[in-house]
């Protein structure tokens, strides 16, 4: 049966000051009426029931994740004792799925992406599931046709189609790291590259078999853990075995080495909501190219993103252009759009200066 596995352990530092260690991006309402993790869970609820929906998060965020998702059983909210990238995360989910369902198929999704419309996403997943039925050892990726030369995404180069059906499913020829702008332009112009959106589909037993082949030490620790699922020994063993696993992405650990890897051209709209500037794409802009998500009064303000988390709080701007203004109860960010990447540097500086209460 098909299960959803939602990876929800990110820190979301680029969304400071609203994103904090205990309340990162996926637990915030950014572009809709629900938080991002709620939107991700509810996106598949009509065709993947809650009892087959799994969340992988961390100890700091587990309580709030559970509070936001009361429909998900606590036994399906898996907690990592420390960050170890996506390969251990996916392996942890796989061993749990197989305890309940030996034929489990995993739809792996990040918790903090926007995907629209949900019915088109469902159709794409169903197509991938049908393909997996004929090639059960395959690993299926979803590739988003690039709309601009992004230097912030990894890319998938497609090879030959798997069939003559013109169904948008291709062999993966190569994976490319985040490129410089010149290379990204070449990728977009070439027409054979997709953004790697980090959504995957495969059988749980096959991803474990691949980890056994390519990451045998990690696999051995996962199997050791699997034997204690549901027992009193689980927590203590997890606290020693999981931190000892290599911190590595599933892309490096498996996908770049496996032979039967496919990419399905994504027919849905996708946004990774990677920074504050994503709000302009998701919420739109006014006649002055401002994106406003607060009470706001302005004079001579253009091309700005203005947001407040406090209901009724007024933000007034004069003479601002191409800036980001984000107000919260205890911190306010004012930044140039073209220097938004420095938010991570700012967060590091807050930690360095002992301002932990703002992180």
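The values are calculated or read from the model by the stated rules, or taken from the named source; none is laboratory data. For clarity, every value in this text was computed on a predicted model and none was experimentally measured. Quick reminder, even Gly has a Cβ in these numbers, built from the backbone with ideal geometry, and neighbours come from all protein chains shown.
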If we keep just the residues of segment 146-167 that are surrounded by 14 or more Cβ atoms within 10 Å (Cβ to Cβ) and out of contact with any strand residue (DSSP E or B) (no Cβ under 6 Å at 6 or more places or on another chain), which is nearest to residue 277 (Cα to Cα)? 150
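Quick check: is even one residue across segment 182-191 assigned to a helix (DSSP H, G or I), within 13 Å of residue 95 (Cβ to Cβ) and either modelled with pLDDT of 95 or more or in contact with a strand residue (DSSP E or B) (Cβ under 6 Å, 6 or more places away or on another chain) (or both)? Before the answer, list the steps.
Just the residues of segment 182-191 that are assigned to a helix (DSSP H, G or I), to begin with: 182-190.
Filter once more, keeping what is within 13 Å of residue 95 (Cβ to Cβ): none.
No, because not a single residue in segment 182-191 is assigned to a helix (DSSP H, G or I), within 13 Å of residue 95 (Cβ to Cβ) and either modelled with pLDDT of 95 or more or in contact with a strand residue (DSSP E or B) (Cβ under 6 Å, 6 or more places away or on another chain) (or both).
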Output yes when any residue across segment 168-178 is modelled with pLDDT of 95 or more, farther than 26 Å from residue 148 by Cα and touching a strand residue (DSSP E or B) at 6+ places or on another chain (Cβ under 8 Å), and no when none is. no
Candidate set from segment 276-295 (those that are surrounded by fewer than 19 Cβ atoms within 10 Å (Cβ to Cβ) and over 23 Å from the mean Cα position of the chain (by Cα)); member that is nearest to residue 322 (Cα to Cα): 289
Determine whether residue 78 is in a strand (DSSP E or B) and touching a strand residue (DSSP E or B) at 6+ places or on another chain (Cβ under 6 Å). yes
Please go through segment 242-275 and pick out each residue that is touching a helix residue (DSSP H, G or I) at 6+ places or on another chain (Cβ under 7 Å), surrounded by fewer than 19 Cβ atoms within 10 Å (Cβ to Cβ) and not in a loop (DSSP other than H, G, I, E, B). 271
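How many of the residues in segment 87-109 are part of a helix (DSSP H, G or I) and either surrounded by fewer than 24 Cβ atoms within 10 Å (Cβ to Cβ) or in contact with a strand residue (DSSP E or B) (Cβ under 9 Å, 6 or more places away or on another chain) (or both)? If you could, list the steps in order and put the result at the bottom.
Quick first cut of segment 87-109, residues part of a helix (DSSP H, G or I) only: 87-100.
Going one step further and asking which of them are either surrounded by fewer than 24 Cβ atoms within 10 Å (Cβ to Cβ) or in contact with a strand residue (DSSP E or B) (Cβ under 9 Å, 6 or more places away or on another chain) (or both), we end up with 88-90, 92-100.
Number of matching residues: 12.
Within segment 121-167, how many residues are assigned to a strand (DSSP E or B), within 24 Å of residue 44 (Cα to Cα) and modelled with pLDDT under 95? So that I can check it myself, show each step before the final result.
As a first pass, look at segment 121-167 and keep what is assigned to a strand (DSSP E or B): 139-144, 155-161.
With within 24 Å of residue 44 (Cα to Cα) added as a condition, the list becomes 139-144.
With modelled with pLDDT under 95 added as a condition, the list becomes none.
Matching residues across segment 121-167 total 0.
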Checking the structure you have, find out if any residue of segment 307-321 is under 22 Å from residue 23 (Cα atoms) and out of contact with any strand residue (DSSP E or B) (no Cβ under 8 Å at 6 or more places or on another chain). yes
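Kindly evaluate residue 83 against the criterion of being modelled with pLDDT under 95, closer than 23 Å to residue 248 by Cβ and either touching a strand residue (DSSP E or B) at 6+ places or on another chain (Cβ under 8 Å) or in a loop (DSSP other than H, G, I, E, B) (or both).
So residue 83 passes the test.
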Being surrounded by 11 or more Cβ atoms within 10 Å (Cβ to Cβ) and either in the same structural domain as residue 152 (by TED's automatic domain parsing) or more than 19 Å from residue 30 (Cβ to Cβ) (or both) is the filter here, so list the residues in segment 308-333 that pass it. 314, 316, 317, 320, 321, 322
